[in-house]
Amino acid sequence: MIKLVYVMGTSHSGSTLLAFLLNSHPEMVSIGETSPSLKRNKDRHLLPCSCGDLIGECKFWNQVFDDVTAQGIPFTPTNWAISFSKTRMMRNLFYRSHANPVKEGLRRAAMPLQASHIKKMRRANILGVEAILKASGKSVFADASKSANRLELLLQIPEFDVRVIWLVRDPRAFVSSLRRRGFDLEGSAERWNKTMKVMERVYDRPPHDNKMILKYEDLCADHKKVMNDVYDFIGLDEFEVPDDYKSPEHHIIGHKSRLNPARPVQNKETWREKLTTEEQEMALRLAGPKAAELGYV
């Protein structure tokens, strides 16, 4: 079986940092998120890899593309073979879980319509992960896509031994981040609440020994110790993360911070300055009981 570590979490949860810390272990490779965004790049050939090259010119990615394509699954920057949902419409109809049980029931009832597609995508993901492990010379693959939907589909692939890391962060930090992007406070907090409900539903599925909850704040407080706890959970030998955690070879896609030099690991908590006391209290109240359960009070 292929050992696959999956990082689930909301946006702005620190998944890019965790991807680099996972990738720093000599036995593990992380590519960050599995589906490059086209929001800033009309052509994925022009999307920058964290190594500094464009994906269309990166030797690592081109080896992966060639290996998978040679086995009958076309894989190129513009045909991202390991992404289950190829279009926005497919994602919205079949691959976006809902906190509302009625909407979720309807989505699941429609999923058999995707059976043939999912079967093909399972093979594509197996070949993709094998090619990434081969190109990196590593034995463990880490996927920091964050999506609960993708995790649910990966858990159904018997060739994968999936270990789940649910990365959580203070909902007030999430709300503050979305506020900077123009979202209102109430909608942002409710979005965190609904997303956590969806993730909790999927998190309940793997066996107890194959999953862990990791708080971003704990990771920042002592990342070297916490990462050894994570490595132990995965079944890897102890390893001291280098101060420059981006010094090992990396080919990570996702958030733009992947392109920046390594920064000290610290939890700045800028939300304490960006949100008033009243706004912080409202964010916690709207975030729901999961916030208190995780210790964010």
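Only the coordinates and a few stated rules stand behind these numbers; no lab work does. Only a predicted model underlies this, so the values are computations on that prediction, with no experimental measurement involved.
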message: Could you identify which residue out of Ala287, Ala142, Ala262 has the top mean-square fluctuation in a GNM of the chain using Cα springs shorter than 10 Å?
response: Ala262
task: Take the Cα atoms of region 99-224, build their convex hull, and give its volume per residue in Å³.
output: 160
message: Just to be sure I understand: with springs between alpha-carbon atoms less than 10 Å apart, which residue in Trp192, Trp271, Trp166 has the highest mean-square fluctuation in the Gaussian network model of the chain?
response: Trp271
statement: Membrane-span-like helices (DSSP H runs, Cα span along own axis at least 24 Å, mean Kyte-Doolittle at least -1.0) in the chain -> 115-136, 185-203
- prompt: Classify region 94-141: rounded, prolate or oblate, from the alpha-carbon gyration tensor (a ≥ b ≥ c, eigenvalue square roots; a/c under 1.5 rounded; otherwise prolate if a/b is larger than b/c)?
  reply: oblate
field: Rg over Rh, two decimals, region 2-293 (C-alpha only, Kirkwood Rh)
entry: 0.95
- prompt: Under a 5 Å amide H to amide H cut-off, with H placed in plane at 1.01 Å, what residues pair with Lys3 once short-range neighbours are removed?
  reply: Phe141, Asp161
- line: A chain fully extended from Lys224 to Lys274 at 0.36 nm per residue, minus the present Cα-Cα distance, gains in nm 15.1 nm
- request: Calculate for the chain the 222 nm mean residue ellipticity that helices alone would give, adding -39,500 (n - 2.57) per DSSP H run of length 4 or more and normalising by residue count, nearest 500 deg cm²/dmol.
  value: -13000 deg cm²/dmol
- line: Which of Pro207, Pro248, Pro36 fluctuates most in a GNM of the chain (C-alpha springs under 10 Å)? That residue is Pro207
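Antiparallel as a % of all DSSP beta bridges within the chain, to the nearest 5?
So the antiparallel bridges in the chain amount to around 10 percent.
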